[in-house]
Amino acid sequence: MKAVRLALCALCFVSAGLVDGSQKKAAPARAPALAPRPQIGATPPMGWNSWNYFKERVDDATVRAQADAMVASGMRDAGYVYVNIDDTWEGQRDAGGVLQPNNKFPDMKALADYVHSKGLKLGIYSSPGPKTCARYEGSYGHEEIDAQTWANWGIDYLKYDLCGLREMMRAAESPEAAHTMMIDAYIKMRDALKKTGRPMVYSLCQYGNDAVWQWGESVGGNLWRTTGDITDRYAKMAEIGFSQAGLAQYAKPGHWNDPDMLEVGNGGMNADEYRTHMSLWAILAAPLLAGNDLTKMTPETIALLTNKEVIAIDQDPAGKQGDRVWAEGPKEIWTRPLAGGAKALGLFNRHHAPLPMQADFARLGFSGAVKVRDVWAAKDLGQMTAPYKATVPGHGVVLLRVSK
């Protein structure tokens, strides 16, 4: 394993794009300075993904309708920009090896143009294996041609799902060989995407295998799944979200831990549970990818997804993921450092009934009086020196913004 890691580090330096000796000539004195290229994923990506609600039913009309709803609901203006097509769009390869969409997507370039016309971006899905999770055509052996095809269509985001490669990995001669196979597959697509010259978010979906948070950045990942698939049930959401403790050190602008998509609005949780979902994902600096039908949202769902103060925590420019700082039975306190010295503070109650909780600001790194705001209540609570006390609803949260 050590040898694999050393080889991987070598690959990282080779692919880092360092200036070589051929660029020694000084630029003309009056040459304008080149603007730095915007960082992909400088804050966690926000958007929508088709899988949680539509699964194999996604088609061209559905994607257009979701794009329209993202604009009409105010989600685009709140920061949601990616409209991501998950598995089951793939057709067959033509004689030249170019992958064609199936009959659910008659013209992918036209669809991308439509999404772009709304001020949004289009994402797509593939696998490094011969087949995808749903047994559609994968990108194995066609990485460069697929990347160029997506660039030609105008794709802005790739979710690259390990599914189809796992059968090949199981047949490898050793766990180390399987790991190397996976690393090489993700590097191969990273390089193919770079070769197109089109900026695309690169999302690694491999369920947290082999501690992906330790190497996801080095293979080009802008985000990497740290868990198995989420479902629209509190128990699964909580298992996934609260298991992120300890991973904060691996996240930073351009590279994010991904505990999977949002289930807000799909109906399997109550309002307190969905507030927990949104609050925890915001503290985790997690990507916010809605997974519901945007055309059928209630005002309550829209309010949950577009809460400006919660989104501001998730998108905080300091780019520091939060972590758990205290736990007692089903009660947990998580904090996230924010730009300017403030902190987001989540008091989470994982019990099914209300429980009293308190937060001692001195123990959380503050000295003297602090200003406290209840984020979900949109209410300033004034200056405090004594510990904050509240009764937190069952499966609920109190989300605070605390500053000097």
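Rounded to the nearest 500, the 222 nm mean residue ellipticity of the chain from helices alone is -8500 deg cm²/dmol, with -39,500 (n - 2.57) taken per DSSP H run of at least 4 residues. Charge tally around VAL325: other residues with Cβ under 15 Å, Lys/Arg +1 each, Asp/Glu -1 each, net +2. Computed from the alpha carbon atoms alone, the convex hull of segment 323-403 holds 84 Å³ per residue. Evaluated at q = 0.11, 0.13 Å⁻¹, the base-10 log of the normalised Debye intensity for segment 238-382, with identical point scatterers placed on the Cα atoms, takes the values -0.41, -0.58. In the frame of its principal axes, the chain has Cα extents of 69, 55, 52 Å, reported largest first.
Rounded to the nearest 20, the size of the Cβ-charge dipole of the chain about its Cα centre is 1300 debye, with Lys and Arg at +1 and Asp and Glu at -1. Highest mean first, the peptides 87-93, 216-222 sorted by other C-beta atoms within 10 Å per residue fall in the order 216-222, 87-93. Over segment 356-404, the reciprocal of the mean inverse Cα-Cα separation, the Kirkwood hydrodynamic radius, stands at 11.2 Å.
Peptide packing: for 338-346, 361-369, the average count of neighbouring Cβ atoms within 10 Å per residue gives the ranking 338-346, 361-369, highest mean first.
Take the Cβ-Cβ distance between SER243 and ARG198 as r, set R0 to 30 Å, and report the resulting FRET efficiency rounded to the nearest 0.05.
Computed FRET efficiency for SER243 and ARG198 comes out at 0.30.
Protection proxy ranking of 99-109, 153-163, by the mean of other Cβ atoms within 10 Å over each peptide's residues and highest first, is 153-163, 99-109. Note the angle between two axes, namely the Cα long axis of helix 108-117 and the longest principal axis of the Cα atoms of the chain, as a number of degrees from 0 to 90, rounded to the nearest 10. With both axes taken from Cα atoms, the answer is about 40 degrees. In units of the rule-of-thumb radius 2.2 N^0.38 Å, segment 55-203 shows an alpha carbon radius of gyration of 1.08. Cβ-to-Cβ counts within 10 Å put ILE85, ILE302 in ascending order as ILE302, ILE85, the fewest first.
Taking the number of Cβ atoms within 10 Å of each Cβ as an exposure proxy, the fewest-first ranking of LEU288, LEU304 is LEU304, LEU288. Mind pulling the angle between the C-alpha long axis of helix 271-283 and the longest principal axis of the chain? Nearest 10 degrees, somewhere in 0 to 90. Long axis of 271-283 versus the principal axis of the chain: about 70 degrees.
Arranged from fewest to most other beta-carbon atoms within 10 Å of their beta carbon, GLU263, GLU137 become GLU137, GLU263. For segment 176-185, what does the Karplus curve 6.51 cos²θ - 1.76 cosθ + 1.60, with θ = phi - 60°, yield as ³J(HN,Hα) per residue in whole Hz, taken in order and with x for Gly and Pro? The phi angles translate into 5, 5, 5, 4, 4, 4, 5, 4, 4, 5 Hz.
Count Lys and Arg as plus one, Asp and Glu as minus one, and take only other residues whose Cβ is under 9 Å from that of TYR125; the net charge is then -3.
Values quoted throughout were computed directly from the atomic coordinates according to the rules given, and no laboratory measurement underlies them. Predicted model only: the values in this text are computed from it and were never measured. Backbone-built Cβ (ideal geometry, glycine too); neighbour counts: all protein chains shown.
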